[in-house]
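Only one structure is covered here, and it is reproduced in the block below.
The values are calculated or read from the model by the stated rules, or taken from the named source; none is laboratory data. Remember, it's a predicted structure, so these values are computed and weren't measured experimentally. So basically every Cβ, Gly included, is an ideal-geometry build from the backbone, and we count neighbours across all protein chains shown. Remember, those area values only see protein heavy atoms, side chains included, never the ligands or the DNA or RNA. Shrake-Rupley method; radii C 1.70, N 1.55, O 1.52, S 1.80 Å.
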Amino acid sequence: MASLRLQDIYKVYQSGVVAVTDFTLDIEDKEFIVFVGPSGCGKSTTLRMIAGLEEISDGDLYIDGKRMNDVQPKDRDIAMVFQNYALYPHMTVYDNMAFGLKLRKKPKAEIDEKVKEAARILGLETYLQRKPKALSGGQRQRVALGRAIVREPKVFLLDEPLSNLDAKLRAQMRTEITKLHHRLATTFIYVTHDQVEAMTMGTRIVVMKDGFIQQVDAPQKLYDYPANLFVAGFIGTPQMNFFDATLTKDAEGKVYVEFEGNKVALPKAKSDKIINGEEYFNTGKPVVFGVRPEDLHDEASFINTSRETVINVKVDVVEKLGAETLLYCVFAKDGVDVTEDGKVKSLVDSATQMIAKVDSRSKTERDQVIELAIDIMHSHLFDKDTELTILDGEGTKAYVPVVELARQEEAKKKAAEGGDEKAVKGNFFSKLLKKKDATVSTEETADDNQTADEE
């Protein structure tokens, strides 16, 4: 069991590629932290730096207050579960789980006790004498977890361990890993690109993009109070609907959102949460209006009580999923969205489209023009330029690192002077590469001097 601190962590490869930038995070003892983001966002690289499998270019890693940058992976007391399980095919389940303890020359009685206890926890007691080829994907995954459990490490690192399993087995293993975390009461760091895994398993979620932290928060707060457009679009299935909009305010102080020919009213409780509202009210300054599909309603009862948030749409596609129905819509213009030659637009023709998630028993059909009411208290507003939320989100923090802002300003300045923005970005991190080169050069000089002394 351990706490971790990652302070100003960078990963810059010798080619100049920056994989992780200014990563700062405190992880408390016994937390289940999930790193989530699209492929190539730096989440696995960060995990491998914690494990010691990747060198940290700059910054500091602490485990239980001890700096670990120069500590060998085997001495960090960390267990890692890989995406491909990495089991020894010629060994039995028992031997696979015991292998790490045998390398550490633990007593046979202790090895046997720990392996059997891990097998009991994971439901593998009847499979100990089988080899991996005789196991299903879920069973192999449990063996990989068991191999980590027997070591009783301070921290468990799991790198997309469920990505090779089918949907049903993934759901089962999500539950198993969550129960395992509660039973072992130790620190888990879990990497995934699947937001469902992140939302259902993590006590806190770290959303990443292009090597930067975008937001760190509890799952429900990420869903309710996304800090920026990326987080809002990434968390939630189907993703949030976004519309270019402006904010207006009438003489009575009522605030409206105007978008795509529609005008919906914001209740005072909602408009009072807008930060620096006077910058947006009646100024024409663009904002982005976000509405989740599940916050669009076609029930008559909801529509009748929310007349100020009703919009007209044409339904282009209906997907009945059993538990829910998805409506793919285009905005209606005088009842129908049409092209210049008078033909009805389809989803593929329309630049603005939206998805509504409604009740599975909805009677709405394709090509209907219907009314939808917005659950306006759960809508979102973002600044068009900065892409940050303009709503007070109860302490929601957008991670826009100072270093990134500085890099952007430097790039803009260089571009204005006719320079190459790409070159500027490369120069920004050159000090890290020079630092690394200097270290290598110093080591080589020391080796040369030692060789000369020996001669």
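Below are the figures for this structure:
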{"item": "Residue ID - modelled with the highest pLDDT, chosen from residues in segment 151-173 that are under 25 Å from Gly40 (Cα atoms) and in a loop (DSSP other than H, G, I, E, B)", "result": "Glu160"}
{"item": "Evaluation of Gly138 against (1) touching a residue at least 60 places away in the same chain (Cβ under 8 Å); (2) over 25 Å from Ala2 (Cβ atoms); (3) assigned to a helix (DSSP H, G or I); (4) among the small types (Gly, Ala, Ser) (one fails), failing number", "result": "(1)"}
{"item": "Members of segment 174-193 that are more than 17 Å from Thr45 (Cα to Cα), open to solvent by 10 Å² or more (accessible area, probe 1.4 Å) and not β-branched (Val, Ile, Thr)", "result": "Arg174, Glu176, Lys179, His181, His182, Arg183, Leu184, Ala185"}
{"item": "Which listed residue, of Ala109, Ala148, is part of a helix (DSSP H, G or I), over 30 Å from Ile9 (Cβ atoms) and among the hydrophobic types (A, V, I, L, M, F, W, C)", "result": "Ala109"}
{"item": "Of residues in segment 367-412 being modelled with pLDDT of 65 or more, out of contact with any Leu (no Cβ under 8 Å at 6 or more places or on another chain) and assigned to a helix (DSSP H, G or I), the one farthest from Val291 (Cα to Cα)", "result": "Met377"}
{"item": "Leading residue by the ranking (nearest to His380 (Cα to Cα)) among those in segment 294-332 that are in a loop (DSSP other than H, G, I, E, B) and open to solvent by less than 30 Å² (accessible area, probe 1.4 Å)", "result": "Ser306"}
{"item": "Counted residues, segment 210-223 - those being part of a helix (DSSP H, G or I), touching a residue at least 12 places away in the same chain (Cβ under 8 Å) and open to solvent by 30 Å² or more (accessible area, probe 1.4 Å)", "result": "2"}
{"item": "Of all residues making up segment 108-150, the number that are under 19 Å from Gln172 (Cα atoms) and of a type in the set (Asp, Glu)", "result": "1"}
{"item": "Flag if Arg76 is in contact with an Asp or Glu (Cβ under 9 Å, 6 or more places away or on another chain) and basic (Lys, Arg)", "result": "no"}
{"item": "Strands (runs of 3 or more DSSP E) enclosed by segment 1-84 - at least 1 residues per element that are open to solvent by less than 10 Å² (accessible area, probe 1.4 Å) and either of a type in the set (Ser, Thr, Tyr) or at positive phi (or both)", "result": "18-27"}
{"item": "Tally, over segment 353-366, of residues that are open to solvent by less than 40 Å² (accessible area, probe 1.4 Å), part of a strand (DSSP E or B) and of a type outside the set (Val, Ile, Thr)", "result": "2"}
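For every residue, the table says whether it meets (1) assigned to a strand (DSSP E or B); (2) closer than 27 Å to Glu324 by Cβ; (3) open to solvent by less than 40 Å² (accessible area, probe 1.4 Å); (4) without any contact (Cβ under 8 Å) to a residue 12 or more places away in the chain.
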site: Met208; (1), (2), (3), (4): yes, no, yes, no
site: Val231; (1), (2), (3), (4): no, yes, yes, no
site: Thr237; (1), (2), (3), (4): no, yes, no, no
site: Thr248; (1), (2), (3), (4): yes, no, yes, no
site: Lys270; (1), (2), (3), (4): no, yes, yes, no
site: Phe289; (1), (2), (3), (4): yes, yes, yes, no
